[in-house]
Amino acid sequence: MSGFVSGCHADRGKDCRYISIREERAKVVFCIAEAVMAVIWMVIAVKKKQTGSRRRAPVILLVIAALGIVIAIRARNETVLDAGNRIERKSPGQGDRTEALEVTLPGSEEEPYQAVIAERQLTAEEKEEVFQNAKEEAEQIFIGDNDSTDEIRENVVLPATLADGLVQAEWSFDNYEVMQPDGTIIEDAVPESGIYVQAKLEMTCQDSILVYSFYFKVLPQKLTQTEYIKKQLDAAVAEANEKTASQNYIALPEQVEGYAIKWQEKKSRDAVNFAFLGIIAAAAVVMKEREDQKKEYERREKLLLAGYPEMISKLTLLLGAGMSVSSAWEKIAGTYKAQRKQHLTKEDPVYEEMLLTCNEMRDGVSERNAYLRFGERCGLTQYRKMVSIITQNIRKGQQELTRLLEEEAQEAYALRRELAKKAGEEAGTKLLLPMMLMLMLVMAVILVPACISFQL
């Protein structure tokens, strides 16, 4: 009868396990279906050339679905229960294991249950072996940079755990005048002949305690010749300071251990440091000025390039109305000057250069040379081309010149569209970082609860 009951329980455990596997498989299938839907949504968005949130939403959905697939597969592979009711203990030293389960009691539905499983306890033979390994490990680690326990000149090392964390270690010494609790040697308290100190190590492994003690000899540090003389010099200065404590002056020692001592004042390097600081500051100012000039040049170049289509369109329109090149030029520049006086427009380098050209022609510069100097000051290929068209056709008549400028205006507006498109792409690139930050935030919102649930 008991065999029959146990067999039923075993079969029930298998059924529960199979049900759990089916549930995890269903979760994976659901996430895959969500990912497929996100991909279809992305394809539709690309074909319809959708932008903004309608294009970003399927990407976010795809990322979330992918994370869900990973989490579901991980949860499927990380089975806790074996044969329905068995849970594997953690190895000794790894601590207790806590698992969130569900239990079905007679007359009730499934309820959450948190099972705390203690780590596996070591047998007596295993503890004995662990203690022996811990003692050998402690002796090796203890000496640190020293050669052996018979010659301790440097600070010792006191590990808090031994045997891969299975043993907790507590250290103590019988002479704290020579050795501090952290293993630091008090040099002034160590005699030249050395002194023996007893170390006591209390080792705890689960519920067992073992006390182990040993002696080690502490010796003074090995000093170089310079270190030795420095130590003797410190002692000589301290002695001289004590002897002349009531006097106004102290005579520093001129000889130590047969070596002559030369004293001199430490020279201040403040002047040199300030000199170097001045050089660095001057260089920084020059570099900053060059950087500002570069930025101003780039800003001016952008304004010239942006204002070119409008300027050449105005010029073409006035020429088509029958005005001469010089009259049209003065008309455009004069209108800009009047608007500037009334603060109706901002400073524009295109029209500022046109005003300068008008002033040059009033001062006696020939019309052709004035236009050529205008193109040189602007520096851009578009302006040089426009000036070349004007200077070459200024004597051929207005009709040919107007036609060529109209063609140039069309090319200028095409260039303007390309620049606007490029600016839009650059703006999209700048938005990439905020989008990545948002994506990381979404991933954190999903992953953090999942990780917490795994830990529980």
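The values are calculated or read from the model by the stated rules, or taken from the named source; none is laboratory data. Owing to the predicted nature of the structure, the values given are computational and were not obtained by experimental measurement. Note: ideal-geometry Cβ built from the backbone for every residue, glycine included; neighbour counts use all protein chains shown.
Annotations for the structure displayed:
- Output for segment 219-250, where each listed residue is of a type in the set (Lys, Arg) and in contact with a helix residue (DSSP H, G or I) (Cβ under 8 Å, 6 or more places away or on another chain): none
- Residue match in segment 196-215 (condition: assigned to a loop (DSSP other than H, G, I, E, B) and either of a type in the set (Val, Ile, Thr) or at pLDDT 85 or above (or both)): no
- Number of the condition not met by ASN155 [criteria: (1) in a loop (DSSP other than H, G, I, E, B); (2) free of Cβ contacts under 8 Å to residues at least 12 places away in the same chain]: (2)
- Residue pairs whose Cβ atoms lie under 8 Å apart, separated by 6 or more positions or on different chains, with the first residue in segment 311-329 and farther than 19 Å from GLU411 by Cα and surrounded by fewer than 19 Cβ atoms within 10 Å (Cβ to Cβ) and the second among the acidic types (Asp, Glu) and modelled with pLDDT of 85 or more, are SER326/GLU367.
- Search result, residues across segment 198-228 that are among the β-branched types (Val, Ile, Thr) and either closer than 21 Å to ILE143 by Cα or in the same structural domain as PRO181 (by TED's automatic domain parsing) (or both): THR204, ILE209, VAL211, VAL218
- When VAL197 is tested against (1) within 30 Å of PRO92 (Cβ to Cβ); (2) in contact with an Asp or Glu (Cβ under 7 Å, 6 or more places away or on another chain), only condition (1) is not met.
- VAL442 fulfils the conditions (1) modelled with pLDDT of 75 or more; (2) in contact with a helix residue (DSSP H, G or I) (Cβ under 8 Å, 6 or more places away or on another chain); (3) aliphatic (A, V, I, L, M); (4) in the same structural domain as THR316 (by TED's automatic domain parsing) except for a single criterion, (4).
- Which numbered condition ALA124 misses (of (1) at pLDDT below 85; (2) in contact with a helix residue (DSSP H, G or I) (Cβ under 8 Å, 6 or more places away or on another chain)): (2)
- Residue selected from segment 171-185 under the condition loosely packed, with under 13 Cβ neighbours inside 10 Å and either acidic (Asp, Glu) or in contact with a strand residue (DSSP E or B) (Cβ under 7 Å, 6 or more places away or on another chain) (or both), by the criterion farthest from LYS135 (Cα to Cα): GLU177
- Every listed requirement among (1) on the phi > 0 side of the Ramachandran plot; (2) of a type in the set (Lys, Arg); (3) modelled with pLDDT of 70 or more is met by LYS49 save one, (3).
- Among the conditions (1) within 30 Å of ASN175 (Cβ to Cβ); (2) free of Cβ contacts under 8 Å to residues at least 40 places away in the same chain, the only one that PRO253 does not satisfy is (1).
- Test: residue in segment 343-350 that is surrounded by 12 or more Cβ atoms within 10 Å (Cβ to Cβ), in the same structural domain as LEU303 (by TED's automatic domain parsing), part of a helix (DSSP H, G or I) and at pLDDT 85 or above: yes
- Restricting attention to segment 71-86, the residues that are at pLDDT 70 or above and among the aliphatic types (A, V, I, L, M) total 0.
- For ASP188, the conditions (1) part of a strand (DSSP E or B); (2) surrounded by fewer than 14 Cβ atoms within 10 Å (Cβ to Cβ); (3) of a type in the set (D, E, K, R) are fulfilled apart from (1).
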